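Chemist: Take this structure first; my questions come after.
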Amino acid sequence: MGKEIAFMDLGVIPYSKAWDLQSKLFNEVIDRKLANRNSSTEDFKEQFHYLLFCEHPHVYTLGRNGKEEHLLLNEDSL
């Protein structure tokens, strides 16, 4: 029972789409692990590890204590 790495080159992708895909893949891994835990060795589902390569446009975050005036760019520049 080997583990395979699924390589995905996503190219340029919006941050939210990359996040959604990562969440989906994570949930699939968890579901597989739970299914494998409750099955006999003959019924084991193949396990994959994922290696995602992507690039996304710049993302600006302020964090919990951030304020708009902390930004070094004005709204037009953003």
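Values quoted throughout were computed directly from the atomic coordinates according to the rules given, and no laboratory measurement underlies them. Given the structure is predicted, the values throughout are model-derived calculations rather than measurements. Because the Cβ atoms are built from the backbone with ideal geometry, glycine has one as well, and the counts that use them run over all protein chains shown.
Chemist: If neighbour count is taken as other Cβ atoms inside 10 Å, put Glu4, Glu75 in order from fewest to most.
Modeler: By the 10 Å Cβ count, ascending, the order reads Glu75, Glu4.
Chemist: Return the label of the correct value of mean projected area of the Cα convex hull in nm², as calculated from the structure shown, out of [x] 11.8; [y] 7.0; [z] 7.6.
Modeler: Matching entry in [x] 11.8; [y] 7.0; [z] 7.6: [z].
Chemist: Fewest Cβ neighbours within 10 Å first, please rank Ile30, Ile13 accordingly.
Modeler: Going from least to most buried by this count: Ile30, Ile13.
Chemist: Which order do Tyr50, Tyr15, Tyr60 fall in if you start with the one that has the fewest other Cβ atoms within 10 Å?
Modeler: In increasing order of surrounding Cβ atoms, one gets Tyr60, Tyr15, Tyr50.
Chemist: Under a point-charge model restricted to the Cβ atoms of Lys and Arg (+1) and Asp and Glu (-1), what is the dipole moment magnitude of segment 3-70 relative to its Cα centre, in debye to the nearest 20? Write out the running numbers ahead of the final one.
Modeler: Values: 9 positive and 11 negative charges, 50 e Å.
Dipole size: approximately 240 debye.
Chemist: Something else now. Using Cα atoms only, what is the angle between the long axis of helix 15-37 and the major principal axis of the chain, expressed in degrees (0 to 90) to the nearest 10?
Modeler: 20 degrees
Chemist: Do you know the Lys pair count in the chain for C-alpha distances under 16 Å, with sequence separation 8 or more or different chains? Before the final figure, lay out each step's value.
Modeler: Working: Lys3/Lys33; Lys3/Lys45; Lys24/Lys33; Lys33/Lys45.
Value for the chain: 4.
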